[in-house]
1. Return the pairs, sorted by first residue and then second, in which the second residue is surrounded by fewer than 24 Cβ atoms within 10 Å (Cβ to Cβ) and of a type in the set (S, T, Y), the first residue lies in region 105-116 and is on the phi > 0 side of the Ramachandran plot, the beta carbons are less than 9 Å apart, and the residues are 6+ apart or on different chains.
2. If I filter region 91-98 for residues that are of a type in the set (V, I, T) and either touching a Pro at 6+ places or on another chain (Cβ under 9 Å) or farther than 19 Å from I136 by Cα (or both), do I get at least one hit?
3. Only residues that are closer than 23 Å to C165 by Cβ and surrounded by fewer than 19 Cβ atoms within 10 Å (Cβ to Cβ): list them for region 78-99, please.
4. Could you grab the pairs with beta carbons closer than 8 Å, sequence gap of 6+ or different chains, first residue in region 72-98 and free of Cβ contacts under 8 Å to residues at least 40 places away in the same chain and under 28 Å from L53 (Cα atoms), second one assigned to a loop (DSSP other than H, G, I, E, B) and not polar (S, T, N, Q)?
5. From the list R100, R141, exactly one residue is touching a Lys or Arg at 6+ places or on another chain (Cβ under 9 Å), at pLDDT below 95 and of a type outside the set (G, A, S). Which is it?
6. Take the conditions among the aliphatic types (A, V, I, L, M) and modelled with pLDDT of 80 or more and apply them to A37. Does it pass?
7. Restricting attention to region 44-77, and to residues there that are closer than 16 Å to G121 by Cβ and in contact with a Ser or Thr (Cβ under 6 Å, 6 or more places away or on another chain), which single residue is surrounded by the most Cβ atoms within 10 Å (Cβ to Cβ)?
Amino acid sequence: MLPAIEAAPLILGMGLYVDDVGGRIAEVEAYMEDDPASHCYGGPRGRNHPMFLAGGHVYIYRSYGVHWCMNLVTGPEGRGEAVLIRALEPLRGIDSMRQRRPNIRDDRLCSGPGNLARALGATGDLSGTKLGKRIIIRHERKPSKVVSSPRIGITKAADRNWRFCDEESRSLSRNMKIGKNPS
């Protein structure tokens, strides 16, 4: 178990697969319990309960009632911490991804958290599940250069450099506004 801010850059380059469809993680954001931009801010309630499970679980939520978004829980049980998976490079099950996101270039299939969840077929019914059965993480290859920047699409604590990317990836959700280099 690691705090999300420590786990986030380490997750880059890992393989993420839902029912054997997935690829290499290229972009993530860290969210902590004391972070006003986090769903777990203010403690456990309703949909955020999976964020307080032990690391190795998944938290999937609906954003603005439209897109599913997938997070990997990283902290100890009772401490709300998770890493939002923002983008990955498709490696396996690309035909399934194309069916779920037609007329999209392969390098954009999993670009952005809502697009990623849709391409992988990840929905709220998987929230709270433990990694290892339908959703697996495994070593692929380390990113060549990890960079950080402020998180995207939030208004609270928006200045924190808690977005981490593989700078070489063509599948990022948005270009980097580079903050510091943590590697």
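The values are calculated or read from the model by the stated rules, or taken from the named source; none is laboratory data. As the structure is a prediction and not an experimental result, all values here were calculated from the model. Because the Cβ atoms are built from the backbone with ideal geometry, glycine has one as well, and the counts that use them run over all protein chains shown.
1. Correct list of pairs: G112/S173.
2. Within region 91-98, not a single residue is of a type in the set (V, I, T) and either touching a Pro at 6+ places or on another chain (Cβ under 9 Å) or farther than 19 Å from I136 by Cα (or both).
3. If the condition is that a residue be closer than 23 Å to C165 by Cβ and surrounded by fewer than 19 Cβ atoms within 10 Å (Cβ to Cβ), then L91, R92, I94 are the ones that fit.
4. Between residues of region 72-98 that are free of Cβ contacts under 8 Å to residues at least 40 places away in the same chain and under 28 Å from L53 (Cα atoms) and residues that are assigned to a loop (DSSP other than H, G, I, E, B) and not polar (S, T, N, Q), the close pairs are V73/L53; V73/A54; V73/G55; V73/G56; E77/L53; E77/A54.
5. Of the residues listed, the single one that is touching a Lys or Arg at 6+ places or on another chain (Cβ under 9 Å), at pLDDT below 95 and of a type outside the set (G, A, S) is R141.
6. In short, no.
7. In this case the residue turns out to be V58.
Quick grid of which residues meet (1) at pLDDT 90 or above; (2) closer than 21 Å to G23 by Cβ; (3) out of contact with any Lys or Arg (no Cβ under 9 Å at 6 or more places or on another chain); (4) part of a loop (DSSP other than H, G, I, E, B):
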site	(1), (2), (3), (4)
D107	yes, yes, no, no
D125	yes, no, yes, no
V147	no, yes, no, no
P182	no, no, yes, yes
